Amino acid sequence: MEKKIYLDNAATTKTRPEVVEAMLPYFSEVYGNPSSVYEFASQNKKAIDEARTIIADALGSHSSEVYFTASGTEADNWALVATAEAYESKGKHIITSKIEHHAILHTCEYLEKRGFEITYIDVDENGIIKLDQLEKAIRPSTILISVMFANNEIGTIQPIREIGEIAKRHKLLFHTDAVQAFGHEDINVEELGIDMLSASAHKLGGPKGIGFLYIRKGIKIRSFVHGGAQERGRRAGTENVPYIVGFGKAVQMALSTLDERRKKELELREHLVKRVLAEIPFTRLNGHRTNRLTNNVNFSFQFIEGESLLIMLDMQNICASSGSACTSGSLDPSHVLLAIGLPHEIAHGSLRLTLSHENTLEEINYTVDKIKEVVDKLRKMSPLYEDFVRKR
Amino acid sequence: MYTKKVMDHFSNPRNMGELENPSGVGTVGNAKCGDIMRMYLDIDDDGIIQDVKFKTFGCGAAIATSSVATELVKGKTVQEALEVTNKAVVEALDGLPPVKVHCSLLAEQAIHAALWDYAEKNGIKIEGLKKPKNDVHDHEEDVAESY
C-alpha cells in the first residue's frame, strides 16, 4: 500500500483541517494581545472566552474553572506540584497508580525528593486500579489522589466514579490525567467527582502545544508560572490565542462526532482484535478486553522484540508504537506492561495500534496481513522461538 | 536513526538460520533485557570457519549487528574471528546510535561464545579466548514458561 496507514493516534492525531482554518485568522489578522484595552484586542479575548466555554461545557463545569496550559504534561505538573505546595500544611502524602504517564510519575519522583510521600497503587492483570488498596492507603496526611482516566498504552479505563467517591468520603482532592480520554469518552466532572483534570488538544484533532487544567472552584492551588494576570492570575504568559481557538474548535468537533467516531473505532478495533488473536499464535491482548478506549489495541507477540516489529511495519508504511525497552530509551520495557504482570520478554514484544475515525476496514485488513508476515519473519529469526519449538 | 547499512542488514539479514551439527554454538544476552543472540559455527579441520548462521531476538540494531558479524567471520580462521571486535562490527555498519552500541558488543560475545563451545567440544585451547560470561542458558527455563 502506497499510502501511509497511521495507527498511532494515542501519540498524536492529525489536526483537523477545520481546526487549522479556525486558527489561521488569529496569527496575522486578529493578532492583538488579549490583555490590551483597545477594541482590536478584545476580539482575541472574546475568542478565548468562547473556546473556554466550549471546553467547560464539555466537562459539565464552569468556564472560570478551565485554565489553559502549554500541554497536558504542564497541566499534570501543575496539578501535582501546586496542590502539594498549597496543602503541605495539611499533609505530605499523595496517592497515585503504577501505570500513570511519566508526566505524573516523574513529577511524583520530583515531589518525593522534596519530602512528599507517594503511594503507587497496583493494578490488576487488566490494568484496573485496585480500589481496596487505594482506600487502605489513605492516611491522615493524604492530600491528593491522582489516577489517570484511561491508560495511554493499554487503553484501560479506570473506575473514575468510584475513585471520586472514595476521595469525597475521605475529603481528599482527586485529580485525573484525562489526556487520552477527553474528547473520546463522556466526562462530567460533577457526576464523577473530579476536582482537577488535565487534557491536551493534539489527542483529539487539535494542535500540539496547548492543554488545559480544570480546577474546581474553591480549590486552593498555587500559581505555577509567575508573571502577568492571565488565566485569573494562576497561569501567567500571553495567551496562545490561535491554539486556544483551535482547541475549542477541536473539542466542538470531537463532541459532535463522538458517538459515530466511537462506533466506527469500536467496529474496527473488534475486527482487528479478533483477526490478530485468531490468526497469530502465541499472542495476547494487553489491557481490558472491553473496558478500554474505543481506539486502542495493545498486543504482545511472544518470542519477538517490539522495535524490530515497528521498523518492519514502517517499511510497509504502517505507523505504530511499542512498549519495548528499545523504544523507550531505557533498559526496561514499559512500566505499564510490567505493572499488569507481564514478564520482561513478553513486554518487549508489545505493539500498540491506536485508531482514528479516518482508518478504514481495508487499512486494518492490510495491517493484520502485514503484522502476520512480520511476526512470522521475526519468529523465524528468534532463538527464543527456536528453543520453544524444539521443546514442544 | 539507523544507517543504510544497518537497515540493509536488518531487512535482508545474511546467514540467518541454524546449522545442523555445528562445530560450535553460543548464545548470549537475555530475554529480560530484550536481546538474545545465537551464533552457529561450522569449522573445518584447518580451523577455518566454513559456515556461520545466526538467530537473534532483539531490536533492529541487534539483528543487523548479528548479520554483519556473520559476514565478518565467514571464511576466516578461528584466530581471525577472535579478532573481530565490536568496533569492527560498528564500522562495518557505518555506525550505530550510541544507545545501540551494546548490540555490537553482544555480537562480539556471541562469536566468542560459539568459539568457546567449539574449543570445549574439541578439547583445544584458543589463544586469547576467555570463557564468555554472558551465556543465556541459565535463563532459558523462565523464558519458556513465563508466558
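The values are calculated or read from the model by the stated rules, or taken from the named source; none is laboratory data. Model, not experiment: these values are computed from the prediction. With ideal geometry, Cβ positions are generated from the backbone for all residues, glycine too; neighbour counts draw on all protein chains shown. All accessible areas refer to the heavy atoms of the entire protein, side chains included, with ligands and DNA or RNA removed. Shrake-Rupley method; radii C 1.70, N 1.55, O 1.52, S 1.80 Å.
Taking a point 7 Å from the Cα of residue A:63 along the Cα-to-Cβ direction, the residues of segment A:30-44 with backbone N closer than 16 Å to it are A:34-35, A:42-44.
What dipole magnitude, in Debye to the nearest 20, does the protein assembly as shown give about its Cα centre under +1 on Lys/Arg Cβ and -1 on Asp/Glu Cβ? Roughly 1320 debye, rounded to the nearest 20.
Look at where the Cα atoms of segment A:357-390 and of segment A:73-128 average out, and the two centres are 38 Å apart.
Full extension from residue A:208 to residue A:168: what is 0.36 nm times the residue separation minus their Cα-Cα distance, to one decimal in nm?
Details: separation 40, 0.36 × 40 = 14.40 nm, distance 3.37 nm.
Roughly 11.0 nm would be gained on extension.
Extension gain, residue A:37 to residue A:3: 0.36 nm times the residue separation minus the Cα-Cα distance gives 7.3 nm. Less than 20 Å from a label point 7 Å out along the Cα-to-Cβ axis of residue B:11: which backbone N atoms in segment B:88-103 qualify, by residue? Of the residues in segment B:88-103, B:92-97 have backbone N under 20 Å from the label point off residue B:11.
Each eigenvalue of the Cα gyration tensor of segment A:11-164, multiplied by 5 and square-rooted, gives one semi-axis; in descending order these are 36, 20, 14 Å. Over all other residues within a Cβ to Cβ distance under 12 Å of residue A:9, the charged ones net out to +2, with Lys and Arg as +1 and Asp and Glu as -1. With 10 Å² as the minimum drop in accessible area between chain alone and full protein complex (1.4 Å probe), the qualifying residues in segment B:46-68 are B:55, B:56, B:57, B:58, B:59, B:60, B:63. Any idea how far the Cα center of segment A:153-216 sits from the one of segment A:260-338, in Å? Using only Cα atoms, the two centres lie 24 Å from each other.
State the percentage of accessible surface on segment B:7-147 attributable to carbon and sulfur atoms; use a 1.4 Å probe and exclude ligands, DNA and RNA.
Details: 3090 of 6320 Å².
Result for segment B:7-147: 49 percent of the exposed heavy-atom area is carbon or sulfur.
Note on residue A:376/residue B:4: beta-carbon distance plugged into 1/(1 + (r/R0)^6) with R0 of 25 Å gives a FRET efficiency of 0.50. The mean of 1/r over all distinct Cα pairs in segment B:4-133, once inverted, gives the Kirkwood hydrodynamic radius of 14.2 Å.
Counting Cβ atoms of other protein chains within 10 Å of each residue's Cβ and taking the mean over peptide A:333-343 gives 1.
Return one whole number: the accessible area per residue of segment A:164-294 in Å², for a 1.4 Å probe.
About 41 Å² of surface per residue is accessible.
Of the residues B:96, B:61, B:78, the one whose Cα sits farthest toward the positive end of the charge dipole of chain B, with +1 on the Cβ of Lys and Arg and -1 on the Cβ of Asp and Glu, is B:96. Loop-located GluC sites (Glu not before Pro) in segment A:11-85 (DSSP state other than H, G, I, E, B) with a sparse environment of at most 11 neighbouring Cβ atoms within 10 Å: A:29.
Looking at the protein assembly as shown only, what percent of DSSP beta bridges run antiparallel? Nearest 5 please.
On the way: 38 of 59 bridges.
The answer is about 65 percent antiparallel.
If r is the Cβ-Cβ distance from residue A:113 to residue A:14 and R0 is 25 Å, what FRET efficiency results, to the nearest 0.05? Intermediate values should be presented prior to the final figure.
Working: r = 39 Å, r/R0 = 1.54.
E between residue A:113 and residue A:14, to the nearest 0.05, is 0.05.
Mind checking segment A:356-392 for GluC sites (Glu not before Pro) that DSSP puts in a loop (not H, G, I, E or B) and that have at most 16 other Cβ atoms within 10 Å? Hits after loop and neighbour filter: A:358. The mean number of Cβ atoms from other chains found within 10 Å of a Cβ in peptide B:10-20 is 2, as a whole number. Here is the list for segment A:94-171: GluC sites (Glu not before Pro) lying in DSSP coil, each with at most 14 other C-beta atoms within 10 angstrom of its C-beta, are A:125. Candidates A:149, A:9, A:268 compared by Cα position along the dipole of chain A: farthest toward the positive end lies A:149, with charges placed on Cβ. Computed with a 1.4 Å probe over protein heavy atoms only, the accessible surface of segment A:24-162 comes to 42 Å² per residue. Candidates B:52, B:21, B:36 compared by Cα position along the dipole of segment B:4-133: farthest toward the positive end lies B:36, with charges placed on Cβ. Among residues other than residue B:14 with Cβ under 14 Å from its Cβ, the summed charge is +1 (Lys and Arg +1, Asp and Glu -1).
Here, chain A yields an orientationally averaged convex hull projection of 20.4 nm² when only Cα atoms define the hull.
Dipole check for segment B:4-133: with +1 at the C-beta of Lys and Arg, -1 at the C-beta of Asp and Glu, and the Cα centre as origin, the magnitude is about 580 Debye. The angle between the Cα long axis of helix A:39-59 and the main principal axis of chain A comes to about 50°, on a 0 to 90 degree scale.
Buried between A and B is an accessible area of approximately 2700 Å², summed over both sides with a 1.4 Å probe. Counting only protein heavy atoms and a 1.4 Å probe, segment B:4-133 has 43 square angstrom of accessible area per residue.
If the viscosity is 1.567 mPa s and the temperature 4 °C, what Stokes-Einstein diffusion coefficient in µm²/s follows for segment A:106-163 when Rh is the Kirkwood radius over Cα pairs? Calculated translational D: 102 µm²/s.
By accessible area, using a 1.4 Å probe on protein heavy atoms only, segment A:79-155 has 49% of its surface on carbon and sulfur.
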